[in-house]
Structure formats: C-alpha cells, structure tokens
Amino acid sequence: MKYNFDKMIDRRGVGALKWEIPQGELPMWVADMDFETAPEIIEFLRKRVEHGIFGYSVVTDDWYEAYQNWWGRRHHLEMEKDWLIFATGVIPVISSAVRKLTTVGENVLIQTPVYNIFFNCIRNNGRNVLESPLLYEGGVYSIDFDDLEKKLADPQTTLMLLCNPHNPVGKIWDRETLAKIGELCARHHVLVLSDEIHCDLTDPGCEYVPFASVSKTCRDNSVTCMAPTKTFNIAGLQTAAAMVPNPVLRHKLNRRLNTDEVAEPNVFAVGAAVAAFNKGEAWLEELRAYIGENKRCVRSFVERKLEGVSVVPSEATYLLWLDCSGITKDGGELAAFIRRDSGLYLTEGEEYGACGRQFIRLNPACPRERLMEGLERLEKSLAKYGKKH
C-alpha cells in the first residue's frame, strides 16, 4: 500500500474531542478516524499556511467543479453548478433547513436508530421529533413502510431527515427503496433532507445511490447534504455543501444559511475540499480497503470470543452497531461498565433512539494495533460483566 494506515499517532494534547479523556482510556466512540488525512490535502494546507495571509475567503469555481466531477464520476449524479451552496458543515445545513423549511410545532420525521444529532437539530428549533423505527428482524434492518406512510400522512409532518447511507446501522438504501420514500414524501407534501456525508465510506464492492439521482420526484423535493469531511477525516476544517436542484427551495435555504452566518468559508475550507476530491481518490481506495479489513477483524473477533454479542451487517460507514441483547437489554449500563472497567469508551445505543437500547456503537477506524487493543479490552470487560449478571 502507498499510504500507511498502521501509523500510530498520539492525538492527546491537541484539543481533539475524541481524545479529551482521562489517561488510560481508549476512545472508540465519536465518528472521527485516527488516521492522518490524505497527504495531498496536507500539502495544500502546508502551502496555504506558508502563504502567511489569512483574510476573508470566497468560494472559487474549482470548488463547484470538484463536487460536480466527483459525484458525476463516482456516483453517477450529474449536478449543475447553481445547485450547490457552500456551508460550514452538514449539521448547520440541517438546522438551518429545519428553521427555514418548517415551522415551530411541526413534525420532522426520522428513522431510528439514527444519528443522535438529528434529535438536537429538531428539538432545539422547537419542532417535534417523529420517529418511524426501522424494522429489525434476523439481525437485519429494513423500513417499515406502513408505519412510515402513516406518519408522513400526518398533516403536521413537513420534513423527513433521511440518513443515506444510514448511521449507525451501516445500511445502504437501494434505488427501489429510495424511490418509494420519494414517492411517499411527495404524495404527502413532505420535503426530504438527505444526509449523505458517509456516502464515500462504503465497503469495497459496494456503492451508494444518491437520493436525488433516483427520479425527478426525488430530485425536485429534496435537499442533499454533502461533504468531504468524514471521508477524508477533515471535519475540523468546516467544509460542506447543500445540493438543492429545486430553485425555490434553494433560494430559501441559501437565504437562511446566510442569515445563520454559516455560508462563508474559512481560508482552508474551499481548497481542502478541492484537494480531497481532485487528488485524494487513491488514498480513499486504500482507506476503504483498510477499514473493510478492520470491520472483518471485529466481526471475526466477536463471533469467536464474545458470546451473546453480534455485529449487525454493515455495507457503509466506518462504524459498527453491536447487538448486545444476548447479555443485556441496557446498552447504556453496559457501555458505562466497560468504560469503568477497562477504559474502552464506546457509545450507548439509546443515544440513537429508544429502539437502540440493546446496542452499543463501536468505531474501528484506527490503526489495527489500536483496534485489537480495544477488542481485547472489550473481551475482558464482557467476561467480568457476565459474572456480575
């Protein structure tokens, strides 16, 4: 391999959210990789720092071209330049969209278990969280379309937050499923906001489908959130985009993003995204292979050594959803015990909705040496937990 994903890097002392924890603890919780970003991005940043002047920045034409070329080449989505709006992050886009495209007291539908910050974006803006839990049968997740349509048909439901691919369960929604969601939302006058930040982190051989590419109905009734930040581990650079083909929706969202002051780039945001999309593809392909092997290591370890725990099949994201129902119904209690006992810091499943209560989420996006240490800590803690319960 050209790139070294085995390199162990000490992230303490630099203000990293993931690693601001007591000595001796090992964090495998937040969606943040312990890998250096692509050297091509680092080279851009180095040159930009050496320039020495850090004034106000604009969104340059090559930023639009980088998004258009990447999604056209890798994801078969042809987008027009005018459809794209720069934003400082996916979450700012979601919060701004909730404020602009719905009104206080309306319902925003989510499919749980789902990314926990969705709840904040809805509740913090005075809207109601409306959950349509995914079906979980035989260790596999699917959509309960009867429940989904019933809740979309509620006149108070005006927006659906779609997670595509789905965090935390690692599901890639296929074209037929997305088309059905799009048709139901259009029929019941519900706008779709599709969070596609994990789209490039699919397992080798797997490909995601952009919601807006499925049909004219999906395209014209949606806002899509895009970013290189998860893919290239550059979340701290605050760079993302909203893609909005519908000109009326685009005007509304653009005005709101500007009002919320999240539509102007810092000096690194535009160039880093351009470097990522134009020069980072080889790095990404090796990363996907490395993460794919890490995920296989976790599945093998769990199957061999962790009785009562199973790994939900995952096609995308670098996160794994562990079903702990064979040993507990309270994943929060279990995660807290593991952290106290071994220092392994995982995320309790209930953060992603009540239906995640029997789960914990593990982030294996780290050098394999660190991953194996985490798994060994997990094995020891579960053995002690089993004796106590």
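The values are calculated or read from the model by the stated rules, or taken from the named source; none is laboratory data. Everything numeric in this text was worked out from a predicted model, so none of it was measured. Here the Cβ positions follow ideal geometry from the backbone for every residue, glycine too, while neighbour counts run over all protein chains shown. Note: areas computed on protein heavy atoms with side chains; ligands, DNA, RNA excluded. Shrake-Rupley method; radii C 1.70, N 1.55, O 1.52, S 1.80 Å.
Across region 253-274, what is the number of residues that are closer than 21 Å to K2 by Cβ and over 21 Å from the mean Cα position of the chain (by Cα)? Final tally of qualifying residues: 0.
Here the condition is being under 30 Å from Y352 (Cα atoms) and without any contact (Cβ under 8 Å) to a residue 60 or more places away in the chain; of V90, V108, V114, V98, it holds for V108 alone. Taking the criterion of being of a type in the set (A, V, I, L, M, F, W, C) and out of contact with any strand residue (DSSP E or B) (no Cβ under 6 Å at 6 or more places or on another chain), the residues of region 235-252 that qualify are A235, L237, V248, L249. How about region 237-252: which of its residues are within 21 Å of the chain's Cα centre (by Cα) and under 16 Å from E196 (Cβ atoms)? Matches in region 237-252: T239, A240, A241, A242, M243, V244. Among the residues of region 41-63, is any without any contact (Cβ under 8 Å) to a residue 12 or more places away in the chain, part of a helix (DSSP H, G or I), in contact with an Asp or Glu (Cβ under 8 Å, 6 or more places away or on another chain) and not small (G, A, S)? The answer is yes; a qualifying residue exists. Taking (1) free of Cβ contacts under 8 Å to residues at least 60 places away in the same chain; (2) surrounded by 24 or more Cβ atoms within 10 Å (Cβ to Cβ) in turn, A212 satisfies each apart from (1). For region 167-197, filtering for residues that are closer than 22 Å to C355 by Cα, open to solvent by less than 10 Å² (accessible area, probe 1.4 Å) and part of a loop (DSSP other than H, G, I, E, B) leaves 5.
Within the span defined as region 220-236, one or more residues are more than 18 Å from the chain's Cα centre (by Cα), of a type outside the set (S, T, Y) and surrounded by 19 or more Cβ atoms within 10 Å (Cβ to Cβ).
When we screen L334, L306 for residues that are modelled with pLDDT of 95 or more and in contact with a Ser or Thr (Cβ under 7 Å, 6 or more places away or on another chain), the only hit is L334. Going by the structure shown, is K295 part of a helix (DSSP H, G or I), touching a residue at least 60 places away in the same chain (Cβ under 8 Å) and basic (K, R)? In short, yes. Assess whether V311 counts as being in contact (Cβ under 8 Å) with a residue 24 or more places away in the chain and crowded, with 18+ Cβ neighbours inside 10 Å. In short, no. Contact annotation: residue pairs with Cβ atoms under 6 Å, 6 or more positions apart or on different chains, pairing a residue in region 225-248 that is of a type outside the set (D, E, K, R) with a partner that is open to solvent by 40 Å² or more (accessible area, probe 1.4 Å), are T229/A235; L237/F268; V244/R250; P245/R219; N246/D220. Filter region 237-269 down to residues that are in a helix (DSSP H, G or I) and hydrophobic (A, V, I, L, M, F, W, C) and give me whichever is surrounded by the fewest Cβ atoms within 10 Å (Cβ to Cβ). Only one residue tops the list, namely V248. When we screen L135, L148 for residues that are in contact with an Asp or Glu (Cβ under 6 Å, 6 or more places away or on another chain) and either among the hydrophobic types (A, V, I, L, M, F, W, C) or crowded, with 20+ Cβ neighbours inside 10 Å (or both), the only hit is L135. Take the conditions (1) touching a residue at least 60 places away in the same chain (Cβ under 8 Å); (2) open to solvent by 80 Å² or more (accessible area, probe 1.4 Å); M33 misses just one of them, which is (2).
Of Y141, Y67, all but one fail to be in contact with a strand residue (DSSP E or B) (Cβ under 8 Å, 6 or more places away or on another chain) and farther than 19 Å from G353 by Cα; the exception is Y67. Looking across region 337-369 at every residue that is open to solvent by 40 Å² or more (accessible area, probe 1.4 Å) and either of a type outside the set (D, E, K, R) or closer than 30 Å to E286 by Cβ (or both), the one that is farthest from the chain's Cα centre (by Cα) is identified as E369.
Exactly one residue out of L322, L375 is surrounded by 16 or more Cβ atoms within 10 Å (Cβ to Cβ), in a helix (DSSP H, G or I) and at pLDDT 95 or above: that is L375. Considering every residue within region 28-40, establish whether at least one is modelled with pLDDT of 95 or more, hydroxyl-bearing (S, T, Y) and over 24 Å from the mean Cα position of the chain (by Cα). No: region 28-40 contains no residue that is modelled with pLDDT of 95 or more, hydroxyl-bearing (S, T, Y) and over 24 Å from the mean Cα position of the chain (by Cα).
Counting residues that are of a type in the set (V, I, T), which strands (runs of 3 or more DSSP E) fully inside region 71-160 reach at least 2?
107-110
Assessment of region 41-49 against the conditions (open to solvent by less than 80 Å² (accessible area, probe 1.4 Å), under 19 Å from A272 (Cβ atoms) and touching a Leu at 6+ places or on another chain (Cβ under 6 Å)) yields no matching residue.
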